[in-house]
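Please treat every number below as a calculation from the coordinates, not as lab data. All figures in this text were calculated on a predicted structure; none of them were measured in a lab. Reconstructed Cβ throughout: ideal geometry from the backbone, glycine too, with neighbour counts over all protein chains shown.
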There are 2 protein chains.
Amino acid sequence: MTEYATTRIQRKNQALIFEAALDVFSSFGFRGATLDQIASTAGLSKPNLLYYYPSKEAIHSAVLTKLLHTWLAPLRELDENGDPIEEILLYVINKLHAARDLPRESRLFANEIVQGAPRIKSILETDLRHLVEDKVRILRKWIKQGRLAKIDPYHLIFSIWSLTQHYADFDVQVQAVTGQETSFDEAEVFLNHLYRRMLAP
Amino acid sequence: MTEYATTRIQRKNQALIFEAALDVFSSFGFRGATLDQIASTAGLSKPNLLYYYPSKEAIHSAVLTKLLHTWLAPLRELDENGDPIEEILLYVINKLHAARDLPRESRLFANEIVQGAPRIKSILETDLRHLVEDKVRILRKWIKQGRLAKIDPYHLIFSIWSLTQHYADFDVQVQAVTGQETSFDEAEVFLNHLYRRMLAP
DNA sequence: CGTCAATTTTACCAAACGGTCAAACATTTT
DNA sequence: AAAATGTTTGACCGTTTGGTAAAATTGACG
């Protein structure tokens, strides 16, 4: 019996809580979410919830940190040795698919950041910043080599984040305005056109 | 003494409340904002606040509806008789300046929409939708005339919203990643490049 | 100045909230 | 099967929250 063993029940309930917390936090933000809501979504009682996590903050923090890695994965894949425009477009499309397939994750971070990122600011200033710095270096190199239009690499990355996550974070608005389900295929065609035109040297 | 006269005191306090509510709601969202917070920001007591508005909902609703007009003004100005690309770029720059000068308004709507727009969905589906439909018609005409690249006009408008509002709504992230104050001048250069390239027929 | 209406405050309420505790119940281990 | 450990629950607590009632204060006006 080692110190940090996790039982079958623990694993099951941790998973239930994680799903429920992602659901509720992404829908209502940290402040808008309640422990009762998370508990009932997970099919547990509130004290049972707090048996697995010491506090609401702890649940939120656990969900955020666990998902940050997933969320940043597409950017990590941007490959220095690939073709600049194809590499960037791959990243764009991957991010768009993430917005389509993982809208809860997108909204979870959107909710946090739009309110000043009080709980993950430090991560943004370290991990995210370092990752972006590395990719900016690559983009600058490509520009210097004349393989990419002369644009600000930071703003290029921001544009990819905003254009893709918009379809997840502001989906209600997109649907309200178009009167239809959001078409990610149309979005893909649009973004393809946009980035090919913009990025050509 | 007419029925609907507003006194000097009423006007002053309505303005104080409006400012305070915009501040607090845009920072913390509807659920995250408290009446005590709004009251103390306005320099009033909570019951005094509720002397002017019947409920928290009423304050939020008043702020949202009053600002919606301001918020949509730039799009309204898109002129059928102007030069397509210059008209669109004017809209882009106006929206970018709005993100710079009215970040609270931007975050107010961002907070509302990212959580499903429960309180303004109906407005989005009517007023906003009709406005966009009219502008989409203009964009389609321009495309048909060969004065604009063949792009989906809805996605063009979404792109403008997301790219510009990103600098207000996700400002913390932009600053965390760049380590600097957000440069709207750089953003303007970037967006100018992006849209001129993308929109050329 | 006195009167009436408008405004503000004090004291309060009920519900919702995050969280605790000890007892009850399950499960695993010996 | 007993003991030990792990899990769940019901009852509860203090605080915060949106909101109310009525008294006290201030301002408008003849």
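Averaged over the residues of A:183-193, the number of partner chain Cβ atoms lying within 10 Å of the residue Cβ comes to 3. Here A:K141 yields copy-to-copy label distances, from shortest upward, of 5.0 nm, the label point defined as 7 Å from Cα along Cα to C-beta. Shielding value for B:99-110 is 1, the average number of Cβ atoms from other chains within 10 Å of each residue's Cβ.
Quick one: which of A:K46/A:K121; A:K66/A:K135; B:K12/B:K95; A:K66/A:K121 span more than 18 angstrom between C-alpha atoms? With Cα atoms farther than 18 Å apart: A:K46/A:K121; A:K66/A:K135; B:K12/B:K95.
Between A:N48 and A:V189, full extension at 0.36 nm per residue minus the direct alpha carbon distance yields a gain of 46.0 nm. For B:D127, the label point sits 7 Å beyond Cα toward Cβ; its separations from the matching points on the remaining copies run 4.0 nm, from shortest to longest. Rounded to the nearest 0.05, the FRET efficiency derived from the C-beta distance between A:K141 and B:Q175 at R0 = 25 Å is 0.50. For B:L131 and B:S40, the FRET efficiency from 1/(1 + (r/R0)^6), where r spans their Cβ atoms and R0 equals 60 Å, is about 0.95. Where Lys and Arg each count +1 and Asp and Glu each count -1, what net charge lies around A:N94 among other residues with Cβ under 15 Å from its Cβ? Residues close to A:N94 contribute a combined charge of -3.
For region B:116-201, which GluC sites (Glu not before Pro) are in a loop by DSSP, counting at most 12 other Cβ atoms within 10 Å? Answer by residue number: B:E181. Note on the protein assembly as shown: Cα-Cα pairs beyond 27 Å make up 55% of the total pair count. Sorting A:T7, B:T182 by the number of Cβ atoms found within 10 Å of their own Cβ, with the fewest placed first, yields A:T7, B:T182. Using R0 = 25 Å, the C-beta based FRET efficiency linking B:R119 and B:E86 works out to 0.10.
Long hydrophobic helices in chain A, taken as whole DSSP H segments with a C-alpha length of 27 Å or more on their own axis and mean Kyte-Doolittle hydropathy at least -1.0: A:8-32, A:56-76. Excluding same-chain neighbours fewer than eight residues apart, the aspartates and glutamates reachable from B:K56 by a Cα-Cα span under 17 Å are B:E19, B:D23, B:D36, B:E112. Listing B:I38, A:I151 from fewest to most neighbouring C-beta atoms within 10 Å gives A:I151, B:I38.
Taking the number of Cβ atoms within 10 Å of each Cβ as an exposure proxy, the fewest-first ranking of A:S162, A:S122 is A:S122, A:S162. For region A:11-83 versus region B:11-78, the spacing of their alpha-carbon centroids is 31 Å.
How shielded is A:150-160 by partner chains, expressed as the average number of their Cβ atoms within 10 Å of its Cβ atoms? The mean count of partner-chain Cβ atoms within 10 Å per residue comes to 5. Between copies, B:Q14 shows label-point distances of 5.7 nm, shortest first, with the point placed 7 angstrom from Cα along Cα to C-beta. Counted over chain B with a bin width of 5 Å, the fraction of Cα pairs per bin, in whole percents, is 1, 7, 14, 16, 15, 14, 12, 9, 6, 4, 2, 1, 0. Averaging 1/r over every pair of different alpha carbons in region B:1-53 and inverting the result gives a Kirkwood radius of 11.5 Å.
Based on DSSP H segments of at least four residues, each scored -39500 (n - 2.57), the protein assembly as shown has a per-residue ellipticity at 222 nm of -24000 deg cm²/dmol.
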